[in-house]
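Have a look at the structure below before the remarks.
The values are calculated or read from the model by the stated rules, or taken from the named source; none is laboratory data. Only a predicted model underlies this, so the values are computations on that prediction, with no experimental measurement involved. Side chains are part of the model used for accessible areas, which takes the heavy atoms of the whole protein and leaves out ligands, DNA and RNA. Shrake-Rupley method; radii C 1.70, N 1.55, O 1.52, S 1.80 Å.
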Amino acid sequence: MVEFESVIKIKRLLNSSYKIEKIEPPVFASDAEVNIVTVTLQSPDGKKEMIRAYREESQAVRDYIRNFVP
């Protein structure tokens, strides 16, 4: 299975003590109409990173967050 760049970035940031602040649209919304997902992460010192994924990559991001992020 191909690992998308956005999933790799999210993993790296989470391993660097960042926390997911916001996911748009929410992960548990219907996947039928989701073609884009935006994840905002924040570091302990307040720095924010925004990751945007489209189409198949957005589904991979949502699946990763749903299945592997506590």
Using only Cα atoms and rounding to the nearest 10 degrees, what angle (0 to 90) does helix 5-15 make with the longest principal axis of the chain? 40
Can you work out the accessible area per residue across the chain, with the rest of the protein chains kept in place, probe 1.4 Å, in square angstrom? 69
Helix 55-68: angle to the longest alpha-carbon principal axis of the chain, degrees 0 to 90, nearest 10? 60
Among (i) 4.8; (ii) 4.5; (iii) 5.4, the value of mean projected area of the Cα convex hull in nm² computed for this structure carries the label (ii)
If you roll a 1.4 angstrom probe over the protein chains with everything in place, what fraction of the accessible area of the chain belongs to carbon and sulfur, to the nearest %? 52
